[in-house]
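Participant: Please find one structure pasted underneath; my questions will follow.
The values are calculated or read from the model by the stated rules, or taken from the named source; none is laboratory data. Source: prediction; values computed, not measured. Note that each Cβ is placed from the backbone with ideal geometry, even for glycine, and that neighbours are counted across all protein chains shown. Ligands, DNA and RNA are excluded from the accessible area calculation, which covers all protein heavy atoms including side chains. Shrake-Rupley method; radii C 1.70, N 1.55, O 1.52, S 1.80 Å.
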2 protein chains.
Amino acid sequence: MRTIDWNEEAGSIVMIDQTLLPLEYRIIECKTLASLCEAIRSLRVRGAPALGATGAYGIALAATLSSAKNMAGMTKDLEIAAKTIKSTRPTAVNLAGGVDRVMDAISDAFDLNGIRDIVMSEAKKIADEDVEINKRIGAHGEKLLEDGDTVMTHCNAGRMACVDWGTALGVIRSAVEKGKEISVIACETRPLNQGGRITTWELMQDNIPVTLIADSMSGHVMSKEMVNKVIVGADRITGDAIFNKIGTYTHSVLAKEHEIPFFVAAPTSTLDPNNWEDTVEIEERDSDELRFFRDIQIAPDDVKVYNPAFDATPMENITALITEKGVFYPPFLLDEVML
Amino acid sequence: MRTIDWNEEAGSIVMIDQTLLPLEYRIIECKTLASLCEAIRSLRVRGAPALGATGAYGIALAATLSSAKNMAGMTKDLEIAAKTIKSTRPTAVNLAGGVDRVMDAISDAFDLNGIRDIVMSEAKKIADEDVEINKRIGAHGEKLLEDGDTVMTHCNAGRMACVDWGTALGVIRSAVEKGKEISVIACETRPLNQGGRITTWELMQDNIPVTLIADSMSGHVMSKEMVNKVIVGADRITGDAIFNKIGTYTHSVLAKEHEIPFFVAAPTSTLDPNNWEDTVEIEERDSDELRFFRDIQIAPDDVKVYNPAFDATPMENITALITEKGVFYPPFLLDEVML
């Protein structure tokens, strides 16, 4: 099933509880706004594209639950719902984006049922578009992979970060669908281990061979010729750099040293051509992510920690950029990519 | 205190229990051969040089405990002790080396007390020599560090791996002792986190400023000019490469990319000039080191794991090799380094 979806019969939102992976695969159902907000806050659903659909379905859920007797009452209910959903993760721009896009659509409605129909259809459209974009990224990108390739990836740019299919892992899925044999090396991705927990699980579900390594091993596996290509996702693409999970830049330098192609797969919605490497502030996350493993202490109490969430990979380290619009080679002119 | 030492008054071996770090600093006492063997097996003491002294003190302990009435009985007791100690970690060459060196010395003794004196003095000599060698490495190496430097290191090549002072961290200690202000960036060193657990703790004990990062962040901190030098230890130095903790090679490529000096500090006892990168087999460790964090499962049950213990850094990535004999620059002629 999709990472997040609408259950027509039950009138509820269904999702894969990602906090339980890889130990347990459990589908949870949100029948109330409160349970949805709890799921977002607890990261049961995460990943920028997946949160866009989550916000949209949240408004659709609020519309089905509303007992408003007129247009004004319904609009009021949905505005409260929009505010509540957005407040669960105030910095997640995609979550707010999904909510806003559905809210903008209600002005086209003439009556209560019209509102319910419009918000539901807009929410489904957002989810479907996300899958469609990933499939197009996959279709363009799979041409870069050859039968027998071993592809290294970092973090989780897979279907669990999206509604389905995935960006970096979507390219691998599309190549496998075309009959190519592809093996994956997944870097565990400290400190939150999205590679070790989620990427490995996703690929094993699809019977795509995957081997887990520690992040620091990437140079060694490249020098031993165990890797043919590297593919990663992107959180933000500025005029001169790819911002992605911390560690991406390190892998890009190693790929350059070993003359291994380094691909970035991401939707054009991540393009930010008016920003540059030095105009984006890199968020620092909680020190305890490196001091504790859940409740196990793994470093001294008061040790100083540097824990940036992202790093910036300069465009010259990237062999090709794969978007839903096609494959782009350096020099990357972002205006051209966005056309 | 030293990582391992002899307690004259109690007639026992004392050591810092490294399994409890960084949560607890506890000195444990081994009054019997059984408790010493348990401590070695449980890694309460670890690190190649530290194990050499441990083996030697083990024979000294056996000699003080022996109730033999004649030379033949004493020799028999010590031979049994030697076999027992070596069997605790059969692949640790330094442990066996320390035991053998002390056993070789007993042939010089004429009576029972002579044996006891000789084994004790040889064991102390081994421990003292280890400290002396590290101090010489420090004295040579500190000249490469400048006041205000921030030095990145990987794993633990510190005093907790030796009897005292340390190799890579010994160089830093010697520079600090000379009045230079040195800050350290410690990579956590997955999967066993020796950097996060032990290097940070050691340096904090000495009030040397240390910042913990995840291994994958090394490229980022270098690109942000947060690092001036890199120093690591070595497990084995062949004619063409430095074998050290997995991740060392990755850091060396990044240092080269950023034109940051990359130093290796190790005693000449690690030189192995008759071997080469491709004649040394790299030991693979248990998959569960990447599947579990103590008892917390962090990757799918049956995921394939690649977990090499070491990697090989080619000599051309190394700026200088620091031994107790001096500082050597490329091309490294190992025969010259060993003179």
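Participant: Among the residues of the range A:1-32 satisfying the criterion of being among the hydroxyl-bearing types (Ser, Thr, Tyr) and under 18 Å from the mean Cα position of the chain (by Cα), which is least open to solvent (accessible area, probe 1.4 Å)?
Facilitator: A:Thr3
Participant: How many of the residues in the range B:132-162 are more than 28 Å from B:Tyr249 (Cβ to Cβ) and either among the basic types (Lys, Arg) or under 12 Å from the mean Cα position of the chain (by Cα) (or both)?
Facilitator: So the answer is 1.
Participant: Sticking with this structure for a sec: Taking the stated definitions as given, is B:Leu36 touching a strand residue (DSSP E or B) at 6+ places or on another chain (Cβ under 8 Å), of a type outside the set (Asp, Glu) and crowded, with 19+ Cβ neighbours inside 10 Å?
Facilitator: Answer is yes for this residue.
Participant: When you scan the range A:112-128, how many residues do you find that are more than 19 Å from the chain's Cα centre (by Cα) and open to solvent by 80 Å² or more (accessible area, probe 1.4 Å)?
Facilitator: 2
Participant: Sort through B:Phe243, B:Phe262 and tell me the only one that's farther than 27 Å from A:Ser287 by Cα and out of contact with any Asp or Glu (no Cβ under 9 Å at 6 or more places or on another chain).
Facilitator: Criteria check complete, one pass: B:Phe262.
Participant: Which residues, taken from the range B:167-215, are of a type in the set (Val, Ile, Thr) and within 14 Å of chain A (Cβ to nearest Cβ)?
Facilitator: B:Val184, B:Ile185, B:Thr189, B:Ile198, B:Thr199, B:Thr200, B:Ile208, B:Val210, B:Thr211, B:Ile213 - these are the residues of the range B:167-215 that are of a type in the set (Val, Ile, Thr) and within 14 Å of chain A (Cβ to nearest Cβ).
Participant: Take B:His251 and tell me if it is without any contact (Cβ under 8 Å) to a residue 12 or more places away in the chain and within 11 Å of chain A (Cβ to nearest Cβ).
Facilitator: no
Participant: If we scan the range A:67-78, do we find a residue that is surrounded by 14 or more Cβ atoms within 10 Å (Cβ to Cβ) and closer than 28 Å to A:Glu132 by Cα?
Facilitator: The answer is yes; a qualifying residue exists.
Participant: Please specify each residue of the range B:238-248 satisfying the condition of being more than 9 Å from chain A (Cβ to nearest Cβ) and among the aliphatic types (A, V, I, L, M).
Facilitator: B:Ala241, B:Ile242
Participant: A follow-up question, please. Output the residue which, of all residues in the range A:264-289 that are open to solvent by 30 Å² or more (accessible area, probe 1.4 Å) and of a type in the set (A, V, I, L, M, F, W, C), is farthest from the other protein chains (Cβ to nearest Cβ).
Facilitator: Ranking the candidates gives A:Trp276 first.
Participant: Would you pick out the residues in the range B:290-338 that are in contact (Cβ under 8 Å) with a residue 40 or more places away in the chain, open to solvent by 30 Å² or more (accessible area, probe 1.4 Å) and not in a helix (DSSP H, G or I)?
Facilitator: Across the range B:290-338, the qualifying residues are B:Phe310, B:Thr319, B:Lys325, B:Val327.
Participant: While we're here: Take the range A:120-157 and flag every residue that is touching a residue at least 24 places away in the same chain (Cβ under 8 Å) and of a type in the set (Gly, Ala, Ser).
Facilitator: Result: A:Ala123, A:Ala127, A:Gly138, A:Ala139, A:Gly141, A:Gly148, A:Ala157.
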